[in-house]
Amino acid sequence: MALRNGLVLLCGTSFSGKSTVARTLAPVLSASIVSLDEINERRGLWGGDGIPVEEWMRTHELASGEVRGLLGSGASVVVDDTSSPRFLRDGWRSLAAAADVDFTLIYVDVDQATIRRRRAANRLDPRRRDVTDAVLDQHLADFEPPADDEDAVRVRNADDLQAFVRRAGWDGR
């Protein structure tokens, strides 16, 4: 069962598994993925090196435009981003409300030990770009997890995600 024209916003730190969640959910929901990392890459930017705030804001503007266009055409969208700080999540929530579509916030909540193990494994893969120590440390220190009033769906692993998909009725059952 596809999500009725809606916006699913992913939230979580680097290396939490958001892109994996996006790639898992998109076909289940018949949704398009809008990835801020991919938009940055098209712009010649790499978050692992650090990106100035004004460039991140431009990337968010571009992503918002893509999402508005997709939602306006009747598509559902999964936004793949860290979605920190909260004001960014509130902006996506407002965009969904203005488009009169469903909004779901999924927080991929993974502990920092797992994040650092995944980052170490990433460094061993020559096809993957690295994230500097300073950028990762600052990102982890500044990350704002969703507050209770944001009604985020918290997933820690694939089993949590599959259980949520079943509860939400997104699996056609």
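The values are calculated or read from the model by the stated rules, or taken from the named source; none is laboratory data. Values in this document were obtained by computation on a predicted structure and should not be read as measured data. Note that each Cβ is placed from the backbone with ideal geometry, even for glycine, and that neighbours are counted across all protein chains shown. In case anyone asks, the SASA skips ligands and DNA or RNA and just uses the protein heavy atoms, side chains included. Shrake-Rupley method; radii C 1.70, N 1.55, O 1.52, S 1.80 Å.
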Practice problem: Rounded to the nearest 10 degrees, what's the angle between the helix 158-168 long axis and the longest principal axis of the chain, both from Cα atoms, 0 to 90? | Solution: 20 degrees
Quiz item: Considering every pair of different Cα atoms, what Kirkwood radius, in Å, is found for the range 134-173?
Solution: 12.5 Å
Practice problem: Using a 1.4 angstrom probe, figure out how much accessible area the chain has per residue, in square angstrom, rounded to the nearest whole. | Solution: 53 Å²
Quiz item: Using helices alone, what [θ] at 222 nm do you get for the chain, with -39,500 (n - 2.57) per DSSP H run of 4 or more residues, divided over all residues and rounded to the nearest 500?
Solution: -15500 deg cm²/dmol
Self-check item: Alpha-carbon spread of the chain, three principal axes, descending order, Å
Solution: 41, 34, 33
Quiz item: Residues of the range 8-49 with amide nitrogen under 20 Å from the 7 Å Cα-to-Cβ point of D111?
Solution: 12-18
Quiz item: Relative to the longest principal Cα axis of the chain, at what angle does helix 18-29 sit, 0 to 90 degrees, rounded to 10?
Solution: 20 degrees
Self-check item: Net length gained if the chain between A121 and A163 were fully extended (0.36 nm per residue, minus Cα distance)
Solution: 12.4 nm
Exercise. List the pair-distance distribution P(r) of the range 11-76, using every Cα-Cα distance, as the percent of pairs falling in each 10 Å bin from 0 up to the bin containing the longest distance, rounded to whole percents.
Key: 19, 46, 31, 3
Practice problem: Would you kindly state how much longer the chain becomes between D149 and D49 on full extension, computed as 0.36 nm times their sequence separation minus their alpha carbon distance, in nm to one decimal? | Solution: 32.7 nm
Exercise. Measure out, as a whole number of angstrom, how far apart the alpha-carbon centroids of the range 33-89 and the range 97-173 sit.
Key: 15 Å
Quiz prompt | the chain: angle of helix 112-124 to the longest principal axis, Cα-based, in degrees nearest 10 | solution = 70 degrees
